[in-house]
1. Need one value: the accessible area of LEU57 in square angstrom, 1.4 angstrom probe, rounded to the nearest 10.
2. Which order, highest average first, do 208-216, 63-71, 176-184 follow once you tally other Cβ atoms within 10 Å for each residue and take the mean per peptide?
3. Hey, can you find the accessible area per residue of the range 7-216 for me, probe 1.4 Å, expressed in square angstrom?
4. Just to be sure I understand: with springs between alpha-carbon atoms less than 10 Å apart, which residue in ALA143, ALA196, ALA76 has the highest mean-square fluctuation in the Gaussian network model of the chain?
5. Determine the shape class of the range 7-216: with a ≥ b ≥ c the square roots of the Cα gyration tensor eigenvalues, call it rounded for a/c under 1.5, and otherwise prolate if a/b is greater than b/c, oblate otherwise.
6. Can you tell me the dipole magnitude for the chain around its Cα centre, using point charges on the Cβ only (Lys, Arg +1; Asp, Glu -1), in Debye to the nearest 20?
7. Would you look at the GNM of the chain, springs on alpha carbons closer than 10 Å, and say which of HIS173, HIS54, HIS80 moves the most?
8. Starting from the Cα-Cα distance between ALA90 and GLU169, subtract it from 0.36 nm times their residue separation and give me the gain in nm to one decimal.
Amino acid sequence: MRSKQGLFVTFEGGEGTGKSTQIRLLADRLRRKGVDILVTREPGGSPGAEAVRHVLLSGAAEQFGTRMEAVLFAAARNDHVEEIIRPALASGAVVLCDRFLDSTRVYQGVTGNLEPSFIQNLERVAINGVMPDCTIILDLPAAEGLRRAKSRAQAEAQTAEPDRFEKEELDTHEKRREAFLDIADQEPLRCRVVDASGAPEMIAEKIFSIVEPLLPIHSSRVKETGSA
Ligand code: TMP
């Protein structure tokens, strides 16, 4: 199904765990090595998926229920996979994606209480065979992550209002942290947990040591989509 030449790395974790920062640091380092990099994010990453992103993160779909939101995340993911990720991998790029299928398993599946078979069926359709080769799970106590996410929003002069998912209770965020760690336990070959509490440069070093041995033979072209 997938003519695999590139490398697909996803970054997962709760709010404020530093995914975007770490993706940027890794992309910069790989670019300096001449690696062909695509940086992208979910929900979003393709024009169609970016349109759905706004509907999801504004909370406009919340009134229609968690199943509806899960289907919208899946629709966005499928567009992103087929329009952006699969072609990039086929061209031999290293794709760095800020959130992917594990976020749906955790946010809609575990804390959204959707039944596992529904989540599995959506996942199969959404990714259509494009599974991450490596998933970096950035791990941080939920309270610390939320504090960081809030101060980042203020520093960026964004609205102080948290998005649809950030505004949920602290214990929901802690459940998500546990759910990401459970996935890592279940899929140790794909997932690597990285302690996100230290200095960004130290965390970046750890991530580089995980990704570097996986790198395919590459060319030197850098692309970006979204703002991950
Ligand atoms: P972010 O851009 O700050 O990571 O925001 C994305 C939000 O969307 C975050 O709160 C997690 C949530 N989300 C889901 O609930 N399910 C998903 O499948 C994805 C990709 C994100």
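1. 40
2. Output ranking for 208-216, 63-71, 176-184: 176-184, 63-71, 208-216.
3. Per-residue value: 44 Å².
4. ALA143
5. Verdict is rounded for the range 7-216.
6. That gives the chain a dipole magnitude of about 740 debye.
7. Maximum fluctuation in the GNM of the chain, among the listed residues, is at HIS54.
8. Gain in length upon complete extension: 24.4 nm.
The values are calculated or read from the model by the stated rules, or taken from the named source; none is laboratory data. Here the structure is a predicted model, which is why all the values come from computation and not from measurement. Note that each Cβ is placed from the backbone with ideal geometry, even for glycine, and that neighbours are counted across all protein chains shown. Ligands, DNA and RNA are stripped out before the accessible areas are found, and what is left, the full protein with its side chains, is counted by its heavy atoms. Shrake-Rupley method; radii C 1.70, N 1.55, O 1.52, S 1.80 Å.
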